[in-house]
1. For the range 138-246, what mean projected area does the convex hull of the alpha carbons give, in nm²?
2. Along Cα→Cβ, 7 Å out, is where each label goes; now give me the distance between the ones at Lys348 and Arg150 in nm to one decimal.
3. Please express the shape of the chain as an equivalent ellipsoid: the semi-axes are the square roots of 5 times the eigenvalues of the C-alpha gyration tensor, given largest first in whole angstrom.
4. What is the distance in Å between the Cα centres of the range 401-442 and the range 309-341?
5. Evaluate the distance, in nm, between pseudo-label points positioned 7 Å from the Cα of Cys396 and of Gln327 along their respective Cα→Cβ axes.
6. Explain nothing, just compute: Karplus ³J(HN,Hα) = 6.51 cos²θ - 1.76 cosθ + 1.60, θ = phi - 60°, for every residue of the range 300-310 in order, whole Hz, x for Gly and Pro.
7. Using Cα positions and a limit of under 26 Å, work out the lysines in reach of Lys300, with same-chain residues fewer than 8 apart set aside.
8. Over the range 149-202, what number does the Rg to Rh ratio reach, with both radii from the alpha-carbon atoms and Rh per Kirkwood?
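A short reminder: the numbers here are calculations on the coordinates, not readings from a lab. Model, not experiment: these values are computed from the prediction. Note that we place each Cβ from the backbone using ideal geometry, even for glycine, and neighbour counts take in every protein chain shown.
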Amino acid sequence: MDIYQAAFESSPDLIVCVTPEGRILRVNGQCEAMLGYAREELQGQTLEILLPERFRAVHASHLIGYMADPVLRSMGSGRRLVALRKNGAEIPVHVMLSPAETSSGTMVIAVLRDATEIQAAELQAETLISRLRLSSEAAGMGYWTYEKARGKLWCDENFAALFGGRPGDFPDSDSIRSRIWPEDQEIRRRNAWESLDASGKYESEFRVTHPDGSVHWLADLGRHIGASDAQGRIFTGVTFDISDRKRAEARAEEARRQERNLMDMAPDGIFLADLEGRYVDVNAAGCRLLGCSRDEIVGKTIVDFIPPEDIPKLESAKPGLLAGEIQVGEWKMRRKDGSWVETEVSAKIHADGRWQTLVRDITDRKSSERKQAELLAALRKALQEVKVLRGLLPICAYCKKIRDESGGWQAVESYMEKRSDVHFSHGICPDCLKEHYAEFASSKDG
């Protein structure tokens, strides 16, 4: 067997030699494995025996057209071809046609390759691509590939739309960069190359301006494939719109800013703590109350600022707070200088588990209450003494001394001064003046 015969028989594909009229002259041994025919069954038959009935009429005209210009080419480009097995089953095939000059004239050599696995893989790939497109459209993601060595960019329609254009508008990285905000360009470039060089992946967020002037926030997720050499790498990734997320973050940040302003405008201290009682925030009034900076309070616990003897009181308040109650009470809190400040605390636990306490300095109020209590005590004492003076007083009919509770006798002045705020000053009435100092009583000057 010469080398050509050996190559003919050992080919993994079915090789069919056909006359210009379309009759099979010769086939190799793959005819039985692929189509179930012995080669003797095919020799002398027209080529249509290998075609389903629906293709036989049009195939004759195709053969005539090919023989008019016989060149090496694939058959049925862009279409899926099938061959008919002896048992009537159809299998997908790829067909390559080639003219061959012989002593008997021009023949056609048809090479048929079983495409069952290839078409199954193609179908699976098409299915995956369709799913990928649907997923990307649903998620608003665009796909891209960048070849660094040539500076070439490939992108799909979703990606181009995110930048306000069509795929043909972005042939390279410069065309993409022109849509990115100037202050974001360098950050994105540095994130891309530094992170890809270090870990083979990168993430970046940036703003783009569309031709209509609208501004959008986008995010990239990228990976590198191919050569390990940085210049030879091919990068691929996805890009998606995060404008809604950025707007939500901006609104949340503005809400936090306004909440912070309101907290700092409050005249009373506002303390926020986690469920374990560790402070996570405090307003300006709370800092002034304790004489501490915010950093000196955040991270510490409630028990760091109350007397040790009040810890059981704190523990007993927890069940009510966890049940949703608002607890109001008076507490002492230690200031940075070690002094204690008297406060009124209103506490509750939010649905997210945070404690919130409103703390008011009641030092002046407590001082006023103490002064009022002292005044009331003094008044009560005075009233008690007044009652004593209003009772029956035993007094001497001659010397006018008064007998006290112990049985002793005291001058009226001494008795009254001890039992009231009365003080005496002495003088002489006109009658006594006449009786005891008659010489003065007749005087014009008195």
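1. 6.6
2. Simple spin-label model gives 6.6 nm for this pair.
3. 116, 25, 18
4. 61
5. Placing both labels 7 Å beyond Cα along the Cβ direction yields 6.9 nm.
6. Each residue of the range 300-310 in turn: 8, 9, 4, 5, 6, 10, 10, x, x, 5, 8 Hz.
7. Lys313, Lys318, Lys332, Lys336, Lys348
8. 0.99
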